[in-house]
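No value in this document is a laboratory result; all are computed from the given coordinates. Quick caveat: nothing in here was measured; it's all calculated off a predicted structure. Quick reminder, even Gly has a Cβ in these numbers, built from the backbone with ideal geometry, and neighbours come from all protein chains shown.
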Amino acid sequence: MRTKLYQRSILHLLIILSILIVGAPVILSVIISTQTPAQVYSYPPKFLPSRNFSNFVVAWKSVNLGRMMFNSFFIAFMVSLGKILLSVLAAFAFTHFNFKGKNVLFFVVLVTLLLPIPVRIVALFDIMSKLKWIDTYWGLIVPFLASATGTFLFVQRFRQVPVELLDAAKMDGCGPMRYLFQILIPLSASTIGALTVIEFIYIWNQYLWPLMATNSKHMRVVQIGVKMLISSETMNNWGVIMAGVVMTMIPPLLVFFFMQESFMKGFALGTEK
């Protein structure tokens, strides 16, 4: 009995230690966001938060962080929605229709995983310039809509649906699109939730492409706003910078919090019923 209690205590201690190590950057960010410059640069350092919340007001107003958070949220939401819709349609075509070159085309889709945005950023910028989509929502949303990862996930999910379900739907007079939206998509709710979380956070953290594709302040996103809080000419006010960082972490954390169950189930494809 004592041996089991001892082992359990050691296990819990290791888990708590691991959580503290992983969460240390976030914890320090929250603490520093409430400190004045004198407290930030004090020695020995203070690891307790203070009651100074003016840093949040300064960070919010100095770079118009509210507008940037709206831009990031709108872009991340639209990209997540578009990626899921296109991925579902593409996966449905690959799994339920036979056409010439299907396997080759699916291989080509997977190969695009080797070509992220930074690799093709020059060509992409040229295309967006010709379309006059620079400094527009179109230019920030459309380049991210295609998703090989999403297509692959939905292909694997749709392949796990029993063929008998499709046969039964056909016998009831269910057409392809009705079968997709009334049967396949509800059965793939967890996969949709997992992909939504992944894509939302991925787009929310984008920095390089929005930096190139935007010129005006009203089109900037939060990652650029955090960078604007950092000055290369004067001593940085790390309290204000960390306040901006903490505020930009809240939306993706909320998305993950409300969809964490779907996120966990989405990768356990065999557990859905």
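Details
- Dipole magnitude (debye, nearest 20) for segment 71-173, charges at Cβ of Lys, Arg, Asp, Glu: 220 debye
- At q = 0.08, 0.16, 0.18 Å⁻¹, base-10 log of I(q)/I(0) for segment 44-202 (Debye sum, equal scatterers on each alpha carbon): -0.38, -1.01, -1.15
- Using the Cα coordinates of segment 109-204, the gyration tensor eigenvalues translate into equivalent-ellipsoid semi-axes of 35, 15, 13 Å, sorted from longest to shortest.
- Count of Lys pairs (Cα-Cα under 19 Å; at least 8 positions apart or interchain) in the chain: 5
- Segment 105-148: trypsin sites (Lys or Arg not before Pro) falling in loop per DSSP and having at most 10 other Cβ within 10 Å: Lys132
- What the Cα convex hull of segment 160-235 gives, in volume per residue, is 146 Å³.
- Taking amide H as placed 1.01 Å from N in the peptide plane, Trp133 has no amide H partner under 5 Å among residues 5 or more places away or on another chain.
- Dividing the helix sum by the residues of the chain, where each DSSP H run of 4 or more adds -39500 (n - 2.57), gives a mean residue ellipticity at 222 nm of -21500 deg cm²/dmol.
- Percentage relative contact order, the chain, counting C-alpha pairs under 8 Å, at least six apart: 32 percent
- In a simple Cβ point-charge model (Lys, Arg +1; Asp, Glu -1; nothing else charged), segment 1-87 has a dipole of about 260 debye relative to its Cα centre.
- Applying the criteria of a DSSP loop state and at most 12 other Cβ atoms within 10 Å to the chymotrypsin sites (Phe, Trp or Tyr not before Pro) of segment 15-102 yields Tyr41, Phe47, Phe53, Phe97, Phe99.
- Start at zero, step by 10 Å, and the Cα-Cα distances of segment 1-137 spread as 8, 16, 21, 21, 20, 11, 3, 0 percent across the bins.
- Membrane-span-like helices in the chain (whole DSSP H runs, Cα extent of at least 30 Å along the helix axis, mean Kyte-Doolittle hydropathy of at least 1.6): 2-32.
- Values of log10 I(q)/I(0), in the order q = 0.16 Å⁻¹, for the chain under a Debye, Cα-only, solvent-free model: -1.23
- Trypsin sites (Lys or Arg not before Pro) within segment 2-48: DSSP coil, no more than 10 neighbouring Cβ in 10 Å: none
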